[in-house]
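The values are calculated or read from the model by the stated rules, or taken from the named source; none is laboratory data. In this text the structure is predicted, and so the values were computed from the model without any measurement. Here the Cβ positions follow ideal geometry from the backbone for every residue, glycine too, while neighbour counts run over all protein chains shown.
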Amino acid sequence: MDSARTRAWLRTAALYLDRDKDRLTRLDLAIGDGDHGVNMHRGFLAVTAALDEWEQDDLTAGELLIAVGDTLVSTIGGASGPLFGSSFRAMGKTLSAPGPDDDSRRFAAALSAARASVHRLGAAEPGDKTMYDVYEGAVDAFTRVADTGGSLEAAARAAADAADAGVRATELMQARRGRASYLGLRSVGHQDPGAASLALIFHALAHALEAK
């Protein structure tokens with residue numbers, strides 16, 4: 001994926017997170033600190049502001065995503081900053097390294113690296129009611145399409161659909177990680193806000209690629 005499409009993805013993600021910040025905050029009020037929507041909005045607002053500066057630097061897609069990761073770590077509060085930041089940094093490092101020539105398979109590898117970084121940092125497993133529940137299905141869906149020769153756009157749409165399914169699944173789970181885990185059974189019946197934010201980012205990717 002080239003830098004122009006990467007910029008379009010990031011700007012679209014910022015718009016989606018701005019639009020849904022109140023919903024994300026309500027989700028977090030139910031099982032967390034109640035600041036997730038504000039934090040994500042602040043982080044991606046900082047990204048969009050930086051994009052104007054980075055425009056002059058002629059950064060590659062990989063370099064852009066590494067810079068995004070650094071920005072998110074420094075501007076998003078709580079656990080979300082390191083988790084989202086490390087995942088973007090992992091994507092950027094993978095895209096900056098030698099890999100498959102095919103765009104879809106190359107980006108699938110980047111998403112796999114992002115998922116692995118969240119797994120390492122958060123020690124989350126499928127079913128823990130975290131953003132990892134979205135990463136698990138979305139990356140698998142993207143990779144399946146990429147491995148069968150599907151386009152980047154088709155893979156991103158499959159990932160976005162799988163991300164939605166992952167968010168819905170968190171509603172029925174009991175949280176086993178993070179602040180929500182302190183609620184025990186009371187966490188059941190609420191979607192995980194981090195998972196919901198990640199699904200928006202996957203939808204932004206699909207939208208940006210389809211709008212090229």
Single residue of Ala67, Ala61, Ala46, Ala8 found to be farther than 23 Å from Ala199 by Cβ, surrounded by fewer than 23 Cβ atoms within 10 Å (Cβ to Cβ) and not basic (Lys, Arg): Ala67
Unmet requirement for Ala156, which otherwise passes all of (1) small (Gly, Ala, Ser); (2) in a helix (DSSP H, G or I); (3) more than 17 Å from Leu198 (Cα to Cα): (3)
Answer from Ala108, Ala163, Ala155 - the residue that is among the hydrophobic types (A, V, I, L, M, F, W, C), under 13 Å from the mean Cα position of the chain (by Cα) and more than 19 Å from Ile31 (Cα to Cα): Ala163
Some residue of the stretch 72-79 being in contact with a helix residue (DSSP H, G or I) (Cβ under 6 Å, 6 or more places away or on another chain), on the phi < 0 side of the Ramachandran plot, of a type in the set (Gly, Ala, Ser) and assigned to a helix (DSSP H, G or I): no
Count of the stretch 13-45 residues which are touching a Leu at 6+ places or on another chain (Cβ under 8 Å), not in a loop (DSSP other than H, G, I, E, B) and not β-branched (Val, Ile, Thr): 12
Count of residues meeting criterion [assigned to a helix (DSSP H, G or I) and surrounded by fewer than 24 Cβ atoms within 10 Å (Cβ to Cβ)] in the stretch 185-199: 3
Matching residues in the stretch 114-123 - criterion: being within 15 Å of the chain's Cα centre (by Cα) and either buried (at least 19 other Cβ atoms within 10 Å of the Cβ) or outside any helix (DSSP H, G or I) (or both): Ala114, Arg115, Ser117, Val118, Gly122
Residue list for the stretch 124-153, filter: closer than 16 Å to Leu198 by Cα, assigned to a helix (DSSP H, G or I) and not small (Gly, Ala, Ser): Tyr132, Asp133, Val134, Tyr135, Glu136, Val139, Asp140, Phe142
In the stretch 161-184, residue surrounded by the most Cβ atoms within 10 Å (Cβ to Cβ) [restricted to those that are modelled with pLDDT under 85 and assigned to a helix (DSSP H, G or I)]: Ala180
Checklist (1) surrounded by fewer than 20 Cβ atoms within 10 Å (Cβ to Cβ); (2) farther than 23 Å from Asp140 by Cβ; (3) in contact (Cβ under 8 Å) with a residue 60 or more places away in the chain applied to Asp103, failing item: (2)
